[in-house]
Amino acid sequence: MIRVLASLGRAGIGAVGGVGRAGVLLVAMFAGLWELLKRPLLLVEQVYSVGTLTMVIIAVSGLFVGMALGLQGFYILSQFGAEATLGVMVSASLVRELGPVLTALLFAGRAGSALTAEIGLMKATEQLAGLEMMAVNPIRRVLTPRLLAGVIALPLLAALFSALGVLGGWYVGVGLLGVDDGTFWAQMQAKVDWYDDVINGLIKAAVFGFACTWIAVYQGYDCVPTSEGVSRATTRTVVHSALAVLGLNVVLTALMFGN
Amino acid sequence: MSTAPDEVLVRIRGLRFLRGSRVIFDGVDMDIPRGKVTAIMGPSGTGKTTLLKLIGGQLRPDAGTVEVDGQDVHKLSTDALYALRMRMGMLFQSGALLTDLSVFDNVAFPLREHTGLTESMIRKLVLLKLEAVGLRGARELMPAELSGGMARRVALARAVALDPMMIMYDEPFTGQDPISMGVLVKLIRQLNDAARLTSVMVSHDVAEAGSIADHVYILSGGKVVDQGLAADLAQHGSDWTRQFLKGSPDGPVPFHYQARPLVDDLLERTA
Ligand SMILES: Nc1ncnc2c1ncn2[C@@H]1O[C@H](COP(=O)(O)OP(=O)(O)O)[C@@H](O)[C@H]1O
Ligand SMILES: [Mg+2]
């Protein structure tokens, strides 16, 4: 019993310590934003690298999710004779929820884990210490551009996911199941609001991008610098990111669409 | 030691450092003379790498001071510490090259980060530095394509790219074949004398380190156990020093990690 309590206590202290170190790291990364403004190329490089890693998987997933939505939506809506609103249903659920959330989950699995492994290996092979001894701050030079790149890239990727998802839904609904083409788009234009739906969805995506990348760079920077340590950190990145995204999504949905 | 105060580049006083509750250094005093090659030797695990990290300001001592060129490393602001580090090169045991950059870009890295030089100037400097380590022809290679010895020479070229006042070598000779060992020994000496550097080398490779060092410190059990001119120590050092330098298994330096008698371990029944 005592032992259980003790190990619970130790886990608790470990978790609090981890959050504290992640917070300290975040402040240190913010301190590098100013320098980054003077060297935008570093940022462009990272956005590009995240983009090339994730674009294909996100485009394909978007298409498939949209097609499944089109099918399900059609079966349910047609029971009420409301299949004309299929476009609204598909696009609203994509831009508000599925686009940002699924993009973030895929991003964590593909780009986040790669980020953790990259930084963890740089630590294990003394590259980070080497930077420090060359009078280059590794947090500002390596971590800050990657954090900001995640915040920028995720909304773009989420937009791509939703766009292809709508196309997938359109193909199934209009192309295969015979929903009227004009109504599909007209209803969508009339009911999906630019600010309420699209912008809020993109804000969600940016928040998820921030959370996932913060977790990924922290796990890499804080890992035990051995091959086993790096692989554990990579797993933690995916698990913690998924939980963070799903949890944050509830909060953001309540705030944005609650009334 | 008979060096005048301004002849000392690195001055360490009363250095104490702990890893958790383990004492790594306990009252270490050292004076590293300017313009010379100083070797710091000791068995593996005595804290030689740790000492270099303390000098470079990557670790903080629990007590005592480390002064480099008159500045207390651990009292400097971050900016001042980074400015000081630009004048200190460090050669890591692994080389620590940036794996996503070519040999050329690795050597160019500190120049691009810290100087406003044009690309054509940087190109010339990088080629000169690579020429000095004999790897000008390897400039297009990636670090993964280099042998261990080559990687260390590239790292050396990078470490001297900004023309530092001192350079620290962490075990420069381990894992080198006899030829690249000889090349490195020569290079270190040449760099030291031609560029008027101060070299600090930590090593357990007694023969090689001893052969180029002007001054030797011997560390053990968290203390400096002996020091002096390289040539003198092998003759007149303590029993401990002579055993260490000759590498004989018998003597005051135990080969075995502390343990109970072998028989007890062998006869123990596993419950
Ligand atoms: N990051 C670390 N965390 C805890 N202990 C360490 C760490 N690095 C080194 N040590 C311990 O400190 C001691 C000195 O290490 P080190 O300076 O690498 O020795 P050397 O370079 O002389 O072989 C070793 O016993 C090692 O186990
Ligand atoms: Mg070492």
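Given the options B:G20, B:G64, B:G137, which has the most mean-square fluctuation in a GNM of chain B, springs set between C-alpha atoms less than 10 angstrom apart?
B:G20
Over chain B, what is the relative contact order in percent, taking alpha-carbon pairs closer than 8 angstrom and at least six residues apart?
Working: 449 pairs, mean separation 63.1, N = 271.
Worked out over chain B, it gives 23 percent.
For segment B:1-160, with only Lys/Arg (+1) and Asp/Glu (-1) charged at the beta-carbon, what is the dipole magnitude about the Cα centre, in debye rounded to 20?
About 220 debye.
In whole percent, what relative contact order does segment A:42-257 give with Cα contacts below 8 Å and a gap of six or more residues?
In percent, rounded to a whole number, it is 37.
Cross-chain or 8 or more residues apart, Cα under 18 Å: how many lysine pairs in the protein assembly as shown fit that? Count them up, please.
Values: A:K123/B:K53; B:K36/B:K186; B:K48/B:K223; B:K53/B:K75; B:K53/B:K223; B:K129/B:K186.
Close lysine pairs under the 18 Å cut-off: 6.
Counting alpha carbon pairs within less than 8 Å and at least 6 residues apart, what relative contact order, in whole percent, applies to segment A:1-124?
22 percent
With a 1.4 Å probe and every protein chain kept in, tell me what percent of the accessible surface of segment A:42-257 is carbon plus sulfur.
71 percent
With every protein chain left in place and a probe of 1.4 Å, what is the accessible surface of A:F210, to the nearest 10 Å²?
60 Å²
Could you order A:M67, A:M134, A:M29, A:M1 by accessible surface area, starting with the largest, using a probe radius of 1.4 Å?
Correct descending sequence by accessible area is A:M1, A:M67, A:M134, A:M29.
Show me, for segment B:161-169, the HN-Hα J-couplings you get by feeding each phi into the Karplus relation (A = 6.51, B = -1.76, C = 1.60, θ = phi - 60°), rounded to Hz, glycine and proline as x.
Values per residue, Gly and Pro as x: 4, 8, 6, x, 8, 9, 9, 10, 10 Hz.
With runs of 4+ DSSP H residues as the only contributors, calculate the mean residue ellipticity of the protein assembly as shown at 222 nm using -39,500 (n - 2.57) per run, divided by the residue total and rounded to the nearest 500.
Working: 21 runs with 302 residues, N = 530.
Calculated mean residue ellipticity at 222 nm is -18500 deg cm²/dmol.
May I ask which residue of B:I179, B:S199, B:V107 lies farthest towards the positive end of the charge dipole of chain B, with charges of +1 (Lys, Arg) and -1 (Asp, Glu) on Cβ and the Cα centre as origin?
Of the candidates, B:V107 comes out farthest on the positive side.
For a test of the definition: using alpha carbon positions, the gyration tensor, and the 1.5 limit on a/c, classify the protein assembly as shown as rounded, prolate or oblate. Can you show the working numbers first?
Details: a/c = 2.86, a/b = 2.09, b/c = 1.37.
Because a/c hits 1.5 or more and a/b exceeds b/c, the protein assembly as shown counts as prolate.
By the gyration tensor of its Cα atoms, with a ≥ b ≥ c the square roots of the eigenvalues, what is the shape of segment B:132-203: rounded for a/c under 1.5, prolate for a/b over b/c, or oblate?
Taking the square roots of the gyration eigenvalues as a ≥ b ≥ c, segment B:132-203 is oblate.
State, in square angstrom and to the nearest 100, the accessible area buried between chains A and B, both chains counted, probe radius 1.4 Å.
About 1600 Å² of accessible surface is lost on pairing.
Given a Förster distance of 56 angstrom, what is the FRET efficiency for B:D214 paired with A:T253, based on the Cβ-Cβ distance and rounded to 0.05? Could you put the intermediate results ahead of the total?
Values: r = 70 Å, r/R0 = 1.26.
My answer for the efficiency is 0.20.
Of the accessible area of segment B:1-126, with the probe set at 1.4 angstrom, what percent is carbon plus sulfur?
C and S atoms contribute 49 percent here.
Rounded to two decimals, what ratio of Rg to Rh does segment A:42-257 give with C-alpha atoms and a Kirkwood Rh? Walk me through the numbers before you get to the answer.
Numbers: Rg = 19.8 Å, Rh = 18.2 Å.
Rg/Rh: 1.09.
Rank B:D163, B:D205 by accessible area, highest first, at a 1.4 Å probe radius?
Numbers: B:D163 110, B:D205 35 Å².
Largest accessible area first, the list is B:D163, B:D205.
Can you give me the three principal axis dimensions of chain B from its C-alpha atoms, in Å, biggest first?
Projected onto the principal axes, the Cα atoms of chain B cover 69, 44, 42 Å.
How big is the dipole moment of the protein assembly as shown about its Cα centre under a simple scheme where the beta carbon of each Lys and Arg is +1, that of each Asp and Glu is -1, and everything else is neutral? Debye, nearest 20, please.
Details: 45 positive and 46 negative charges, 89 e Å.
Around 420 debye, computed over the protein assembly as shown.
Around B:I24, which amide H atoms from residues at least 5 apart in sequence, or from another chain, sit under 5 Å from its own amide H, with H modelled in the peptide plane?
Here the answer is B:F17, B:L18, B:R19, since their amide H atoms fall under 5 Å of that of B:I24.
Would you mind working out the magnitude of the charge dipole of segment A:50-148 relative to its Cα centre, with +1 at each Lys and Arg C-beta and -1 at each Asp and Glu C-beta, to the nearest 20 Debye? Let's see the in-between values first.
Numbers: 6 positive and 5 negative charges, 44 e Å.
It comes to approximately 220 debye.
Could you list which residues have their amide H under 5 Å from that of B:T198, counting only those 5 or more apart in sequence or on another chain, with H placed in the peptide plane?
Hits under the 5 Å cutoff: B:G35, B:M166, B:I167.
For the protein assembly as shown, what is the accessible area per residue in Å² when the probe is 1.4 Å?
Here the per-residue accessible area is 49 Å².
Once you order the gyration tensor axes a ≥ b ≥ c over the Cα atoms, which shape class does segment B:179-225 get: rounded for a/c under 1.5, otherwise prolate or oblate by comparing a/b with b/c? Present the calculation step by step, with values, prior to reporting the outcome.
Values: a/c = 3.04, a/b = 1.60, b/c = 1.90.
It comes out oblate by the Cα gyration axes.
Can you compute 3J(HN,Hα) from phi for each residue in segment A:102-115, using the Karplus curve 6.51 cos²θ - 1.76 cosθ + 1.60 with θ = phi - 60°, rounded to whole Hz and x for Gly and Pro?
In residue order, the calculated couplings are 5, 4, 5, 5, 5, 4, 4, x, 9, 7, x, 5, 5, 5 Hz.
Give me the compactness ratio for segment A:217-259, meaning the Cα radius of gyration over 2.2 N^0.38 Å. Walk me through the numbers before you get to the answer.
Numbers: Rg = 14.9 Å, N = 43, 2.2 N^0.38 = 9.2 Å.
After normalising by residue count via 2.2 N^0.38 Å, the value is 1.62.
Within 10 Å of each Cβ of A:118-124, how many other protein chain Cβ atoms are there on average?
1
The values are calculated or read from the model by the stated rules, or taken from the named source; none is laboratory data. In this text the structure is predicted, and so the values were computed from the model without any measurement. A quick note on method: Cβ atoms are made from the backbone with ideal geometry, for glycine too, and the neighbour counts reach across all protein chains shown. Areas reflect the complete protein model, heavy atoms only, side chains present, ligands, DNA and RNA absent. Shrake-Rupley method; radii C 1.70, N 1.55, O 1.52, S 1.80 Å.
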